[in-house]
Ligand code: BGC
């Protein structure tokens, strides 16, 4: 396997601190088909820190290889042989990307303990879009998230998905929302919550997820008009009551995305909530920041 030690990167120093918060699942979790990750202690995450013993297993899922777009015109994955690509990505939402000795893009946060693309199709950033839809239930007074239960691991999640080749992100947000929940909403008016790298259990040294998350809060009247229907990728769809526990148990980085959306609501009240509803949001936010109880 190629050793990505020879990273020619200009990673800013603040990525070191960033890695502590963001590179947890990408080092400690993995889909069942992945080999065990090579151990990467916190201080050895950054590429610019020497780690001569680092020898992560190289893994590419058979599903990715079967979807090689150079062999299969309908395939969604890049070829394994990077010389068949017109160009490799040199930047992403994370900025200019570090590279290995062969010019292949490296994970902008640092080592993950796995080389190869794993279950991700693209070398470098794999782009997703996350539509965050909330309401306050008239019946219970609690803040709820339009959530899907993922078929792959049973976790509740924002109804997000992958950006198709050449697709506008605002279109992906509305398309995924519709495909996964049956709800039709124009996401262009949504509030931008986050755009960048996300800590996902599928991330590897060479392939990782980046997302664009937008938030819309619906009035109880508008939310009541929505007919929910779970799509193919979802086991179930529901208005999930948000408590510190349900937020923390969400898939991948969704807890961080929801926390950011709540903080924006509490700070700027962009959706014109009443004092009482704002207090519901602020209360949940406080409990989330206070610690794991709840
Ligand atoms: C999911 C998104 C998620 C992204 C990164 C995608 O597969 O659909 O909701 O944010 O992965 O974890």
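What follows is calculated from the coordinates using simple rules that are stated; it is not laboratory data. This structure is a prediction, so every number in the text was calculated from the model and none was measured. In this analysis, Cβ positions are derived from the backbone assuming ideal geometry, glycine residues included, and neighbour counts consider all displayed protein chains.
Quick notes on this structure:
- You can think of it this way: the chain between residue 142 and residue 269 has 44.0 nm of extra reach, that is 0.36 nm per residue less the Cα-Cα gap.
- Gyration tensor over alpha-carbon atoms, segment 210-294, equivalent ellipsoid semi-axes in Å: 21, 19, 13
- Sequence-separation-based contact order of segment 125-290, relative, with Cα cut under 8 Å and 6+ spacing, percent: 28 percent
- Over segment 12-154 - Rg/Rh using Cα atoms and the Kirkwood inverse-distance radius: 1.03
- A Stokes-Einstein calculation at 4 °C with viscosity 1.567 mPa s, built on the Kirkwood radius of segment 125-290 over Cα pairs, returns a diffusion coefficient of 81 µm²/s.
- A simple packing score, the average count of other Cβ atoms within 10 Å per residue, orders the peptides 215-222, 37-44, 155-162 as 155-162, 215-222, 37-44, with the highest score first.
- Kirkwood hydrodynamic radius (C-alpha pairs) into Stokes-Einstein, the chain, 25 °C and 0.890 mPa s, D in µm²/s: 122 µm²/s
- Judged by the ratio a/c of the largest to the smallest principal axis of the C-alpha gyration tensor, segment 213-261 counts as oblate, that ratio being 1.5 or greater while a/b is no larger than b/c.
- DSSP beta bridge pairing in segment 125-290, given as percent antiparallel to the nearest 5: 65 percent
- Rel. contact order, % - alpha carbon contacts under 8 angstrom, at least six apart, the chain: 19 percent
- FRET efficiency estimate (nearest 0.05) - Cβ-Cβ, residue 179 to residue 153, R0 22 angstrom: 0.70
- D (Stokes-Einstein, µm²/s), Kirkwood Cα radius, segment 190-241, 1.306 mPa s at 10 °C: 112 µm²/s
- Cβ crowding within 10 Å averaged over residues, with 65-72, 25-32, 129-136, 116-123 ranked highest first: 129-136, 116-123, 25-32, 65-72
- 0 to 90° range, to nearest 10: angle between helix 275-290 axis and the chain longest Cα axis: 40 degrees
- Nearest-ten-degree value, helix 254-268 long axis tilted from longest Cα axis of the chain: 50 degrees
- Degrees between helix 169-181 axis and first principal axis of the chain (Cα, 0 to 90, nearest 10): 70 degrees
- A Förster distance of 35 Å, applied to the separation of the beta-carbon atoms of residue 58 and residue 225, puts the FRET efficiency at 0.10.
- Directionally averaged projected area (convex hull, Cα atoms, segment 111-184), nm²: 7.1 nm²
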